[in-house]
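Written out below as structure tokens is the structure these notes cover.
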Amino acid sequence: MAEHMDPEEFRRAGHAVVDWIADYWTTLGQRPVTSQDPPGAVAAALPAAG
């Protein structure tokens, strides 16, 4: 069974997520609207089914 975070670990993780979101929003205007990769690039990077 997975360990649970204690309240302080949860608080730190929550703050880190909020900081990440705030940083993302700060740079949103600088981000491209569409992918910069050509069609099929992501699929080509995936491992073969096995």
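The values are calculated or read from the model by the stated rules, or taken from the named source; none is laboratory data. Predicted model only: the values in this text are computed from it and were never measured. In this analysis, Cβ positions are derived from the backbone assuming ideal geometry, glycine residues included, and neighbour counts consider all displayed protein chains.
Observations
- When Thr26, Thr34 are checked against the criterion of being modelled with pLDDT of 95 or more and over 14 Å from the mean Cα position of the chain (by Cα), Thr26 stands alone in meeting it.
- With respect to the conditions (1) modelled with pLDDT of 95 or more; (2) of a type in the set (Asp, Glu); (3) assigned to a loop (DSSP other than H, G, I, E, B), Glu8 lacks only one, and its number is (3).
- Ala13 among the aliphatic types (A, V, I, L, M) and loosely packed, with under 10 Cβ neighbours inside 10 Å: no
- Within the option set Ala45, Ala41, Ala22, being surrounded by 10 or more Cβ atoms within 10 Å (Cβ to Cβ) and hydrophobic (A, V, I, L, M, F, W, C) holds for one residue only, Ala41.
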